[in-house]
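See below for the structure under consideration.
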Amino acid sequence: MSKLQPHPDSKLAESLMQSMHDNWGVFLAEGIILSVLGLGAIVVPLRAGLAATVFLGWLFLIAGLASLLFTFLARKVPVFRWSLLSALVALIAGAVLLWNPLHGLATLTDVLIAYFIIDGIVIIFLAIALRRELSGKWEWMMVNGVMDLILAGIIVFGFPATPIWALSLLVGIDLVFGGSTLIDIALAARKTKFK
């Protein structure tokens with residue numbers, strides 16, 4: 001029996017769990033894509049601010065597009081709006097970085113701080129909203145949101161001493177952690193039994 005158990009008195013919980021069970025493959029695919037993109041951000045040694053800006057801009061844009069696609073594929077999920085907001089934040093972050101890559105490091109730093117703060121808050125609220133429905137799994141979502149806020153703090157208090165490769169590393173860590181959380185939740189949702 002899976003640890004994902006709907007609260008017995010909650011129609012929303014039952015609907016959420018059924019939807020997650022029905023769309024577990026969508027969440028798994030999104031988790032894998034985010035993890036692969038995150039690993040790419042970690043292993044690519046960035047040597048120039050422009051290259052980092054363009055690379056991370058495309059990384060956010062692709063992650064946002066993938067998240068947007070998977071959010072609409074699973075649009076009956078009760079947390080559709082939160083997922084949509086998270087996808088749009090990634091899309092906007094990518095578009096801002098690609099719009100004017102010559103401003104490189106300053107733009108990258110501002111965008112990353114905004115992304116980590118907004119996404120961290122969204123993920124924390126989502127984890128709190130799903131704590132009953134995701135028994136044993138919501139904590140990882142909460143840790144992911146807190147990690148986003150910590151990464152924002154590292155950039156705020158470490159920049160300009162934070163080298164460009166460290167910014168790429170932090171984005172990679174965020175994507176790997178978020179992707180791993182989605183993979184874990186998707187695999188647990190797949191195993192969940194319903195009436």
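The values are calculated or read from the model by the stated rules, or taken from the named source; none is laboratory data. Everything quoted here is computed from the prediction, not taken from an experiment. Methodologically, a virtual Cβ is constructed for each residue, glycine included, from the backbone with ideal geometry; neighbour enumeration extends over all protein chains shown.
Spot the failing condition for Ala52; the list is (1) aliphatic (A, V, I, L, M); (2) out of contact with any helix residue (DSSP H, G or I) (no Cβ under 8 Å at 6 or more places or on another chain); (3) at pLDDT below 75; (4) in a helix (DSSP H, G or I), and only one is missed.
Going through the list (1) aliphatic (A, V, I, L, M); (2) out of contact with any helix residue (DSSP H, G or I) (no Cβ under 8 Å at 6 or more places or on another chain); (3) at pLDDT below 75; (4) in a helix (DSSP H, G or I), Ala52 breaks only (2).
Does Val176 satisfy the criteria of being within 19 Å of the chain's Cα centre (by Cα), modelled with pLDDT under 85, among the hydrophobic types (A, V, I, L, M, F, W, C) and within 23 Å of Gly57 (Cα to Cα)?
Values: within 19 Å of the chain's Cα centre (by Cα): yes; modelled with pLDDT under 85: no; among the hydrophobic types (A, V, I, L, M, F, W, C): yes; within 23 Å of Gly57 (Cα to Cα): yes.
No.
Which is in a helix (DSSP H, G or I), modelled with pLDDT of 85 or more and closer than 21 Å to Ile183 by Cα, of Ile128, Ile150?
On the way: Ile150 fails: closer than 21 Å to Ile183 by Cα.
Of the residues listed, the single one that is in a helix (DSSP H, G or I), modelled with pLDDT of 85 or more and closer than 21 Å to Ile183 by Cα is Ile128.
What about Val77, is it surrounded by 17 or more Cβ atoms within 10 Å (Cβ to Cβ), among the hydrophobic types (A, V, I, L, M, F, W, C), under 11 Å from the mean Cα position of the chain (by Cα) and within 21 Å of Ser35 (Cβ to Cβ)? Let's see the steps before the verdict.
Working: surrounded by 17 or more Cβ atoms within 10 Å (Cβ to Cβ): yes; among the hydrophobic types (A, V, I, L, M, F, W, C): yes; under 11 Å from the mean Cα position of the chain (by Cα): no; within 21 Å of Ser35 (Cβ to Cβ): yes.
It is false that Val77 is surrounded by 17 or more Cβ atoms within 10 Å (Cβ to Cβ), among the hydrophobic types (A, V, I, L, M, F, W, C), under 11 Å from the mean Cα position of the chain (by Cα) and within 21 Å of Ser35 (Cβ to Cβ).
When you go through (1) over 24 Å from Ile42 (Cβ atoms); (2) modelled with pLDDT of 85 or more one by one for Ser135, which number turns out not to apply?
(2)
From the list Leu65, Leu16, Leu28, which residue is farther than 17 Å from Thr192 by Cβ and either at pLDDT below 85 or assigned to a helix (DSSP H, G or I) (or both)? Working first, answer last.
Values: Leu16 fails: farther than 17 Å from Thr192 by Cβ; Leu28 fails: farther than 17 Å from Thr192 by Cβ.
Result: Leu65 is the single residue among Leu65, Leu16, Leu28 that is farther than 17 Å from Thr192 by Cβ and either at pLDDT below 85 or assigned to a helix (DSSP H, G or I) (or both).
Scan Asp22, Asp9 and give me the residue that is at pLDDT 80 or above, more than 20 Å from the chain's Cα centre (by Cα) and not basic (Lys, Arg).
On the way: Asp9 fails: at pLDDT 80 or above.
Every option except Asp22 fails the conditions.
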